[in-house]
1. I'd like the distance between the alpha-carbon centres of the range 340-354 and the range 165-227, rounded to an integer number of Å.
2. Suppose the chain between residue 678 and residue 80 were pulled fully straight at 0.36 nm per residue; how much longer would it get relative to their current alpha carbon spacing?
3. At 0.36 nm per residue, and after removing the present C-alpha to C-alpha distance, how many nm does the segment from residue 98 to residue 615 gain when stretched out fully?
4. With a cut-off of 8 Å between alpha carbons and a minimum separation of six or more residues, what is the relative contact order of the range 88-278 in percent?
5. Collect residues whose amide H, placed 1.01 Å from N in the peptide plane, falls under 5 Å from the amide H of residue 696; neighbours closer than 5 in sequence don't count.
6. State, to one decimal in nm, how far the label point of residue 329 lies from the label point of residue 13, with both points 7 Å from Cα in the Cβ direction.
7. Over 26 Å between Cα atoms, which of 237/441; 336/441; 399/524; 127/700; 184/237; 133/627 qualify?
8. Specify the inter-centroid distance of the range 1-43 and the range 614-673, based on alpha-carbon positions, in whole Å.
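None of the figures in this text is laboratory data; all of them are computed from the coordinates on show. Bear in mind that the values here come from a model prediction, so they are computed numbers and not experimental data. Note: ideal-geometry Cβ built from the backbone for every residue, glycine included; neighbour counts use all protein chains shown.
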Amino acid sequence: MSEEKLSYTIWRDRYALKDPEGNVLETSINETWKRVATAVASAEKHPTQQRGWSDTFYDALNQGYLVPGGRIIAGAGSGFDVTLMNCYVTDYPHDSRQGVLTTVAQLTEMMSRGGGVGVNISSLRPKGTPVRKVGGTSSGSVNWASIYSIITRDIIQVGGQRRGANLLLLEDWHPDIPEFIRCKKDTSKLTGSNISVGVSHDLMNAIKNDEDWDFIFPDTTDPEYDEKWNGRIKEWKALGKKVVVHNTIKARELWDQLCEGAWDAAEPGLIFVDRIREYHNVEQITPFTCVNPCAEEPLEAFGACNLAALNLNKFVVHEDFPAAGFDYQRLAEYTKIGQRFLDNVLDITQYPLEENMATQRDGIRRTGLGIMGLADALIRMRVRYGSDDSIIIIEKIFKTIRDAAYETSCELAKEKGAFPKFDPITYGSKFIWTLPDHIKKMIFEGDGIRNSVLLTLAPTGTTSLLAETSSGIEPVFDYKFTRVDRLGQHDIYHPAWDEYIKTKQDFPEWLVTSNELTPEEHIKTQAAAQKYIDASISKTVNLPNTATVDDVKTAYNLSYEMGLKTVALYVDGSRNEQILYHEDSMEHIKEKHGDDLGKDFQLSKDVESVELKPRPDILRGITYRKKTPVGTAYIILNVDDNNEPFEVFIEVGKAGSDIAADAEAIGRLISLVLRVPSNMPASHRLMLAADQLDGIGGGKFVGLGPNQIRSLADAVGQAIKSHEQADDTKKTPTTNVDICPECGVASLVRLEGCSLCQSCGYSAC
């Protein structure tokens, strides 16, 4: 591995063993592979087995046939208390403040170990629903979910390791779905989370038949609501419980909103939840709850992604001849090694929560063996990605992997025991019934199976760069492109660049990039693999920047019709921040979003270089007096000479008290948001802040009806909205505000010709 290559930089930055001060301790990637192989082999029972399998694993890793997930490479044998699982899923948050906060604690713990987390928020009551215990109404699932987004983006930082991602899932029957879809059009909302909508067979049929669609939620007045409601609407109905229709629209109107959102902001993705449940091997043992952030693993509560990839590029043979081939026998051999490798990982990893360990190691023992390098393998075989010839090869590859992995897991069950929750009566799915007869016989008439779910196709973005091959099941993104990430901006060249483009040779027909493929070619490739994968597939349907909303609809409809479980779609340039850029993407993005390409990466890397807008000596403003559950609050909103909001101060309680400190903190954070340079007007940012604060409730409230104030935060949100809605104050703030010489707070106002501090009571008269 040359030091000049990006793969070397990635290895040193992300995966090489480091001491607590960040100094690299490993001198080469060979040492990394030795560390990982030894650690994973330590799960074997006897020293002789440990030595033998350590050598076998090292051979597979060092030759590049098997590439583990990033968490395994970075953490196995490191001595650090990190999870080797890439991602997790929580249980549905209980519909209560304590339930939301319990999920916060779980998510924080998982992410602090480097894992990403998926959360299904369908259990949270919709916006405006009464909350009897506090005499108010709910701020809705989207507002509560913003807590999970903030934790992901701004709080969890894992020193020396990469930070996990977060996905929020809301199912199609939930009344907050329209707001959920729209939130990604607002660049300030849920910025730390990916979002997906759980789409049912019922919705797809309603769209097809042009029927109405009801947004429903359980009757929250049911005396057993707190005890029985778990987020699963079909279970609630099966109990004979009532649901309330909150709104009704045309199903096709909802479909339009979904597709427009994906076209405009690349989200939401679609999760075909009914199909997932039909093909979920352990649905009767531990049912599907949510997908992981990249959506390749439909997981049960507290399930986890345990990932490794077979590098298909390594199995191409006879390349010097016109008809290059593929070594399926060797693929089967390394599949068997990879399956044992991942089963061992389950026994050596640290689990963030007891629930994770109970679900994974002591429950269903899920593995996620997948692939990388498909596109490069097809190129070397002179086969166009997405062609009929490629589909034949792809199906044979994945059938080989499926059969070898399941045979190995059955053999491991005989050697080490079936997964603890295995029951031949409850284990199974539509996928299991597609297995060859000899494998079904091994499972149901033999010793069972060691792993409940075995296969998945993860994106392998960074690990494929480490392996110097194409990512996952994806086509080649481009033969020259730009990658922007926390390591900086890199121009990346595919080997075909030197062979064809740089020398100006004609492009052979088998060289095709992601944007040159039709949606049909993308989707049928994914569908061909999905037939042989028991979990799901992370793949992006890439569309050029000329794509329309109708193109998105076509792709989403075809995804459902061809049997996909999940689908993600990206129109090139639909965001101002993306990881990979085609050569012509830069200018298109700048035209659409302004000259802030990759701004988020730079900002997070060098936040101290951001210069806040300087504060003028004198600002004008308005003071709002609000009674709150913690006392009377004075909310001071100052504007600049352009009448744009500049800062917010909040005074309540005695100086030095906890509530005074909380009030000051809220004001400082809002002011910081207003003073950070941005293309978004400050007035817009202020209203977004108000949306986050409005409706937050505590244990007490003051006032009734529209005048009810549920907390200090709620009072601040209401004051801001009152300010923005009042035309006269928007046009001409009439009260001068300056720094009080007594207490130093910006609450000195001119009233009846005299300077008066509304914070400490100082008067100049």
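1. 33 Å
2. Working it through step by step, the gained length comes to 211.4 nm.
3. Details: separation 517, 0.36 × 517 = 186.12 nm, distance 3.99 nm.
Difference between extended and current length: 182.1 nm.
4. Here the relative contact order equals 21 percent.
5. Residues meeting the criterion, in which the H sits 1.01 Å from N, are 714.
6. A separation of 4.2 nm, rounded to one decimal place.
7. 237/441; 184/237
8. The range 1-43 and the range 614-673 have Cα centres spaced 50 Å from each other.
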